[in-house]
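Reviewing the structure listed below.
The values are calculated or read from the model by the stated rules, or taken from the named source; none is laboratory data. Everything numeric here is computed off the predicted structure, so don't read it as measured data. Cβ atoms come from the backbone with ideal geometry, glycine included; neighbour counts cover every protein chain shown. Just so you know, the surface numbers come from the protein's heavy atoms only, side chains and all, with ligands and any DNA or RNA stripped out. Shrake-Rupley method; radii C 1.70, N 1.55, O 1.52, S 1.80 Å.
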Amino acid sequence: MSKFALRETALDLLTRIGDQGGFSHVLIDRAMKEEKLSERDGALLTEIVYGTLQRRNLLAYYVDDRIKGKKKVKSWVKWLLYMSVYQMQFLDKVPDHAIIHEAVEISKKRGHKGIASLVNGVLRTIQREGVPDTSKIEDPVERLAVETSHPDWLVGSWVDMYGLETTREMCNTNLTHKVVSVRVQPMKADREEVMRQLTDDGFEVEPSKLSPQGILIQKGNILKHGFFKSGILTIQDQSSMLVGEMMDVQPGMDVLDACSAPGGKTTHIAEKMQNEGKVIAYDLHAKKAKLVSEKAKQLDLDIIEAGQADSRELGSKHGVESFDRILLDAPCSGLGVLRSKPDIKYHKQEQDILVLSSIQDELLESMAPLLKKGGKLVYSTCTVDQRENEQVIERFLDNHPEYIIDASFIKSLPDALQKAPGLSEYGLQLFPQHFDTDGFFLTRLRRMD
């Protein structure tokens, strides 16, 4: 694909994601398949789209003042300017003059001479004079929000919860690439053997400190390796692997995964049970529940029964004290996965968190009767907001004296997490800056005998 066509595709994706609310990872994957992009072109497309989305607010700070007073500028023109300035400021493989030339040519094709002149003028001014200095923003929260392209309300909330320095580290980490991690199917292969083979095949790998099944891929396109087709490996973030490790399951148990799609944690639990017992997995949407079944089949796990259900109503399907273990990986704001899904931070509002925390309360209430006495329940989310994490658990414990935080939870954590900064009386908050994981919360409750 020509660089011109590639940047046109990037502009189309940015417009759809930024203005129409499309999911970045879905649309980028679809575009790469439809255009049959080479690995190199796919990497550049992904870099331009994700990078522009990740730094949208900063790019707007750089650009918008330069087009004030102009006639109303169409959205696609702004996205074209943003993605061009992103390349000029943050990428170094393409010279500025080439970036400007292609932006002007796209302007001519999509607009008219006046738009092309505007684009050329803005980009050449930035090339000549540089970008505005963010140090002029006096308020530290506002400045951090602009510099790291996070909404003001979100940065303010995190500062209230964790302080300015932790928030600064988290926001800056959200702008970086996260290492790819994979999980070994232990009934098919040994992690050390897999790592040796990957090394022989030219990959740079290292073991995860959070799961004995985890491998970090420092270099190499692991998705194209034969280990995936054979079901030896599956993609999973280290934080999600930690959930399976902390479920404390044994072969022969009855386990419920209440919100299971796409099935990474479900299949990990079945692996930890050595494919003996029963794992009942639900998702609100039938298509997503089907994904769980497909992943189980791919990994040759046959103890998983996946189906569609609203898990707030599982009391009508299962009797009290039906399960030895329950996983509630609750629907959440997703504010811990901004490195891989940067568009989330622009689409969420503070009110969304309040609505979600209410749903999380309802889900926990529905789970409470289903766990056997002496059984354990793991609650997890991929967010860093206390209103969806610690505060949800605090309310649940206040309303359910028969439940307590499992005293062995902390002792069961991997050594690397024994003194993690995010430990509290209610569980473990993983921040993306500390262990190169998603932002993630988990805790383990026990129903008393």
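Filtering Ile359, Ile404 for residues that are open to solvent by 30 Å² or more (accessible area, probe 1.4 Å), β-branched (Val, Ile, Thr) and not in a helix (DSSP H, G or I) leaves a single hit, Ile404. Going by what's in this entry, would Ser181 be described as polar (S, T, N, Q), surrounded by 18 or more Cβ atoms within 10 Å (Cβ to Cβ) and closer than 30 Å to Thr267 by Cβ? Against the criterion (polar (S, T, N, Q), surrounded by 18 or more Cβ atoms within 10 Å (Cβ to Cβ) and closer than 30 Å to Thr267 by Cβ), Ser181 qualifies. Can you find even one residue in region 362-377 that is open to solvent by less than 50 Å² (accessible area, probe 1.4 Å) and within 21 Å of Phe431 (Cα to Cα)? No, region 362-377 has no match at all.
Check Ser333, Ser311, Ser322 and return the single one that is surrounded by fewer than 21 Cβ atoms within 10 Å (Cβ to Cβ), among the hydroxyl-bearing types (Ser, Thr, Tyr) and out of contact with any Gly (no Cβ under 6 Å at 6 or more places or on another chain). Spell out how you get there, then give the answer.
Working: Ser333 fails: surrounded by fewer than 21 Cβ atoms within 10 Å (Cβ to Cβ); Ser311 fails: surrounded by fewer than 21 Cβ atoms within 10 Å (Cβ to Cβ).
Checking each option against the conditions leaves just Ser322.
Which residue out of Asp398, Asp449 is modelled with pLDDT under 95, of a type in the set (Asp, Glu) and over 22 Å from the mean Cα position of the chain (by Cα)? Going through Asp398, Asp449 in turn, the sole match is Asp449.
Taken over region 202-223, the residue count meeting the criterion of being surrounded by 12 or more Cβ atoms within 10 Å (Cβ to Cβ) and assigned to a loop (DSSP other than H, G, I, E, B) is 9. Taken over region 224-252, the criterion of being open to solvent by 10 Å² or more (accessible area, probe 1.4 Å), aliphatic (A, V, I, L, M) and under 13 Å from Val378 (Cβ atoms) is satisfied by Val249 alone.
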